[in-house]
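A quick write-up on the structure given underneath.
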Amino acid sequence: MQDSGTGQAGPSSGGGRRDARGPRVAVLSALVAFAYPAVVTVVAFLPLVGPDPLPADAPPERFSAGRAMEPLRVIAAQPRPAMSPANERVREYLVQRLREIGWETTTQEGTRKRIELTNVVARKRGTGSTGAVLLACHHDSVPEGPGAADDGVAVAAFLETARALNSGPRLRNDVMLLFTDGEELHLLGADLFTEHPWFRDVGVVFNFEARGISGPSIMFETSDGNGALIREFARAVSYPVGTSLAYSVYELLPNDTDMTVFRAHGVAGLNFAFINGVTAYHTAADSIDAVSGRSVQHHGDNALELARHFGEVDVRDLESRDAVYFNVHGRVFVHYSGRWVLPILALDAVVVALVCLAALRTGLRSWGIVTGAWSFAVVLLESGLLVVGAWVVPWAVTRVLGSLGSPPRGDIASNDLLVVGKALLGLAILSWRVRIRLRRTDGVTLFIGALVVWLLLLAVTSVLLPGASYLLAWPLLAAALGAGVALLVWRDDPMAPGTAVVTAACAFPGWFLLGQTAYLMFLALFPMPAVAVFVTTLLIALAGGLMLPCSVRIAQSGRRAVVTAGAVGVVLMVAGFVLQVGGW
């Protein structure tokens, strides 16, 4: 290997010269670098769609989206803001239906900020309650739309849940259903409920919301000390979707829910919402016809299964150390205690250190590792900023077209063309910046530097944001093991084609977790488009760093693959924006 301080690449160092092995290696590297990540990312997020909706003739003990649609048509027939006649009619309908089902039902009236509010509360007594299980939602909507998803789906789901609970034996704990008023007016109904006599009996709360019209029911917020809650949640529901990163992201958004009030009063609980189709949020597009049956089913399944499971659990003892949790694939939900975060960091540090020692044995200078880390960090930031720049122009055009009388009716956040296009463009820009960096350093130095950057980010995350540590810990461990194998097998030629294959295979956990997270974060951060694009691009570029040998092979072979991938990405993005403006 060359002296990394000279800037001149040796014959096997992965420098910027054209590869003598011919175009076949470059074509294979391009396929691995661009097609492989796209396929893995799609495989990662496609299963997160929720269960199939059950028809109206489903068994009585099951939750049925088909049955829940009947009350939803009444609830979301028109906008129902607080103090409106429509709001009053819905409230009367809820009281009537709950009493017909056989639940103890009452209303709570009060005033907050000169606004008259009426909550609806229902209760099913248990055989020996350790604390009530509270299912909470809000029955009001914004004036601009009928609120079929926000929060009509949850209201209708609770009615179907109450009916299904009646079909089984009595539970140990009491179960309460709370339909708050004035949630859209700064959570006034939830604040009012804290004065209700029943509030003192609440042991755990599950709040259900929506910030879109489709997608899985995501558990996006927890109370502090959530280890036991997460463990029981994983046991309770058949289709768990959630990540310990989500609440950190949620705190950045200008949104609150009734759960904010309950957490402030020290009640343990979980918060659920579906977020696809966010452009319909708080608009007339949030209608019955637009709501996804899968989202209704998933919300309802979660509500019913949580009520049944926690109805038999001693809810007086649900506080323990925060957990780290995430989805792997479909219904596979991984969770472990936060006490393992630092030991896992130590394991990653040991493996990365051994890889660095192996690289030093191939001729890499020790200070070259610092140079490689700095170079990769610069490439990361450049990639993120350049993709944001490429995004701003078509996004601004879309906004202008919308203001000229053709308002966007599509959904920028759930449009897969935009997401895939941005990912391809990000990877192309990453490869392009790697090509430029290889004029100053070599491929091995840059790759080892990427692993060091990953380790530094993991160390910071493990201390400051331990719930997000899984995103870095497991991908880094797999990638570092792959790098170690490659350095041992191809010691004389560390950037051999075999290195690209091995590191790409070991990058699978990284692409799986970061690709899935990038997709979900793009949806969650959509109210701040530039931030959403920048953050998700950094995740994509980070994942790309785990298979830098592929980018190095492309850089050696010329710019055709990079330009092609970037062009395809731009075309997909433009197509996505066109579909958004056209409303298809």
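Just a few scattered comments:
- Per DSSP, loop trypsin sites (Lys or Arg not before Pro) in segment 284-335 with at most 16 further Cβ within 10 Å: Arg316, Arg321, Arg331
- Rolling a 1.4 Å probe across all protein chains gives Phe534 an accessible area of roughly 60 Å².
- Spin-label proximity, Arg125 to segment 191-226 - amide N less than 19 Å from point 7 Å beyond Cα toward beta carbon: 197-203
- Average accessible surface for segment 99-216: 32 Å² per residue, computed with a 1.4 Å probe over protein heavy atoms with every protein chain in place.
- From the coordinates of this entry, Cα extents along the principal axes in Å is computed, and it appears in (1) 71, 67, 46; (2) 81, 56, 45; (3) 91, 57, 41 under the label (2).
- Virtual paramagnetic centre 7 Å along Cα→Cβ of His309, amide N under 14 Å, in segment 208-252: 218-220, 227-243
- Sorting Ile115, Ile554 by accessible area puts them as Ile115, Ile554; the probe is 1.4 Å, largest comes first, and only protein heavy atoms count.
- With 0.36 nm allotted per residue and the present C-alpha distance subtracted, the Arg200-Ala77 stretch has 40.8 nm of extension available.
- In Å², nearest 10: area of Cys550 left accessible to a 1.4 Å probe: 0
- Between the listed residues Gly266, Val313, Ser287, the Cα displaced farthest toward the positive end of the dipole of segment 258-321, a dipole computed from Cβ unit charges relative to the Cα centre, is found at Gly266.
- Distance (nanometres) between label positions extended 7 Å along Cα→Cβ at Leu354 and Leu46: 3.6
- Sorting Lys113, Lys422 by accessible area puts them as Lys113, Lys422; the probe is 1.4 Å, largest comes first, and only protein heavy atoms count.
- The charge dipole of the chain, taken about its Cα centre with unit charges on the Cβ of Lys, Arg, Asp and Glu (plus for the first two, minus for the last two), comes to roughly 2220 debye.
- Between the listed residues Val90, Val571, Val463, the Cα displaced farthest toward the positive end of the dipole of the chain, a dipole computed from Cβ unit charges relative to the Cα centre, is found at Val571.
- For segment 162-244, a simple Cβ point-charge model (Lys and Arg +1, Asp and Glu -1, everything else neutral) yields a dipole of about 580 debye relative to the Cα centre.
- Between 0 and 90°, nearest 10: helix 36-45 axis offset from the chain longest Cα axis: 10
- 0 to 90° range, to nearest 10: angle between helix 508-524 axis and the chain longest Cα axis: 50
- Probe 1.4 Å, protein heavy atoms only - accessible area per residue of segment 235-325 in square angstrom: 37
- Computed from backbone phi with θ = phi - 60° and the Karplus coefficients 6.51, -1.76 and 1.60, the 3J(HN,Hα) list for segment 101-115 is 5, x, 8, 5, 10, 8, 10, 10, 9, x, 10, 9, 6, 6, 10 Hz; x is used for glycine and proline.
- Annotation: extensible slack from Asp224 through Arg560 equals 115.9 nm (criterion: 0.36 nm per residue apart, minus Cα-Cα distance).
- At R0 = 30 Å, FRET efficiency that the Cβ-Cβ distance of His329 and Arg62 yields, to 0.05: 0.75
- Carbon plus sulfur fraction of accessible area for the chain, probe 1.4 Å, in percent: 61
- Cα-projected label distance for His265 with Ser84, points at 7 Å along beta-carbon direction, nm: 2.7
- Percent antiparallel among DSSP beta bridges (both partners in the chain, rounded to 5): 55
- Paramagnetic reach from Glu104 (point 7 Å along Cα→Cβ, amide N under 11 Å) across segment 162-196: 174-176
- Relative to the longest principal axis of the Cα atoms of the chain, the long axis of helix 416-437 lies at roughly 30 degrees.
- In this label model, Val568 and Arg114 are separated by 6.1 nm, measuring between points 7 Å along each Cα→Cβ vector.
- Look at the alpha carbon pairs under 8 Å that are at least 6 residues apart: their mean separation over the length of the chain gives a relative contact order of 21 percent.
- Potential extension, Leu347-Thr283 segment - 0.36 nm per residue separation minus Cα distance: 18.1 nm
- Accessible area of Asp286 in the full protein assembly, 1.4 Å probe (Å², nearest 10): 10
- For segment 461-534, the solvent-accessible area of protein heavy atoms averages 33 Å² per residue (probe radius 1.4 Å; ligands and nucleic acids excluded).
The values are calculated or read from the model by the stated rules, or taken from the named source; none is laboratory data. Note that this is a predicted model, so its numbers are computed, not measured. When we count neighbours, we look across all protein chains shown, and the Cβ atoms used for this are built from the backbone with ideal geometry, even at glycine. The area values use the complete protein model at the heavy-atom level, side chains included, leaving out ligands, DNA and RNA. Shrake-Rupley method; radii C 1.70, N 1.55, O 1.52, S 1.80 Å.
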